[in-house]
Structures are given as structure tokens and as C-alpha cells.
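Where a number appears in this text, it was derived from the coordinates with a stated rule and is not lab data. Source: prediction; values computed, not measured. Note: ideal-geometry Cβ built from the backbone for every residue, glycine included; neighbour counts use all protein chains shown.
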Amino acid sequence: MIKFFMKKVLLIGLSISLLCMLFVLLRSSREISGDLKIKGDSFIEGLKILHQKNGITVWTLSARKADFAEGEDKAELADISMVIQKNGMVLHADKGVYDLSAQSFTTDGEIRAETKDYTITADSMDYEASSGEIETKGRVKVESKKFSVEGRGMKTDAEQKVRILNDVRATFYK
């Protein structure tokens, strides 16, 4: 009888242990699937966006990878290159965000823009495709063979007029 009672207690103890383990596993799998839903985003490798006006390409944005968050019109881009055909400018950035609905592009990290005549280095950039305006609030440096200009904050307009807003320091070479 004691043997029977010991077997029953052991069986009940094992059953309770297995139920507890099953409960813990099911609970943790729900948390994992919740994370997967939150991070269940799509991504594209080798993204290329062309912006055309009257059949003519204004700029081309390329990214090694674009992450799209579910339910949003924004894509987080990695390893970015943007070519503005009008002036032959090529922009390079490690990461940025492209807003599909507003057709705007923003970087938070350093950006480098190159043309055949000059190079611009900035802390960040906001580019609005509809107006063609570029703005940065951080440090900016414009260099060419003839001059070097540094400052804080820069704005350009559709006519390619560049204004450096604060702490401007210029050096001209002969």
C-alpha cells in the first residue's frame, strides 16, 4: 500500500511538473510570437527608386537594404547612394529614412555629396523631393580646389543656391 501511495504521489508530482513546464513554454512562445508580429516587417535588398518629372529622371536613390515597418509609409535604408542627375551630384550615407507618401529623404548619420567641382560633408540631411530643397542643421563643410567653407546649418533651394547659416568660416585658394 505504501508503494502504491508513493507511486501515486510521484505520478502526481511529475504531472504537476510537466504541466508547469508546459505552461512556461506556452507562455514564452506567446511572447516570442508577439515580438515576431511587432518585428514582422518586410525588407527589400537592392532597392532603387527613380523620381521623374515630365519623363526625365530627376534623381535616383539606391540602397543595399530597405526595411519597411508594417502599416507605415517609411522605409529605413542602409548603405545609400543618391544621384541627382541635374548637377551630377552623388550622395553617400550609411543609413537614412525615405518617406514614400511625402517623397522625402532624411539621414541621421554623416553624409557625403560629391560633384566634379566640389564635395559637401554634413552631419545629417533632409531632402524634400517635391521642392528639391536640402537642409541640414548640423556641421557642414564644402570643399573644392578653389575654396573651403565650413559652418553650421545649410539650406539649398530648387535653383541650387546654397546658404550656410551659422558660424561660417571660408578659405579661398590661389
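For the reader, a short list of remarks on this structure follows.
- In Hz, Karplus ³J(HN,Hα) per residue of segment 59-74 (6.51, -1.76, 1.60; θ = phi - 60°; x = Gly, Pro): 8, 10, 10, 10, 9, 5, 8, 10, 9, 10, 7, 4, x, 10, 9, 10
- For the residue pairs Lys95/Lys155; Lys53/Lys74; Lys65/Lys161; Lys74/Lys116; Lys116/Lys155, alpha carbon separations beyond 27 Å are given by Lys65/Lys161; Lys74/Lys116.
- 3J(HN,Hα) along segment 92-99, derived from phi through the Karplus expression 6.51 cos²θ - 1.76 cosθ + 1.60 where θ = phi - 60°, amounts to 10, 8, 6, 8, x, 10, 10, 8 Hz, with x in place of Gly and Pro.
- A straight Cα-to-Cα reach below 16 Å connects Lys86 with the aspartates and glutamates Glu114, Asp117, Glu128, Glu133, Asp157, Glu159, residues fewer than 8 places away in its own chain not being considered.
- Dipole magnitude for segment 80-155: computed about the Cα centre from +1 point charges on Lys and Arg Cβ and -1 point charges on Asp and Glu Cβ, it is near 340 debye.
- P(r) tail, segment 42-172: Cα-Cα pairs separated by more than 23 Å, 31% of all pairs.
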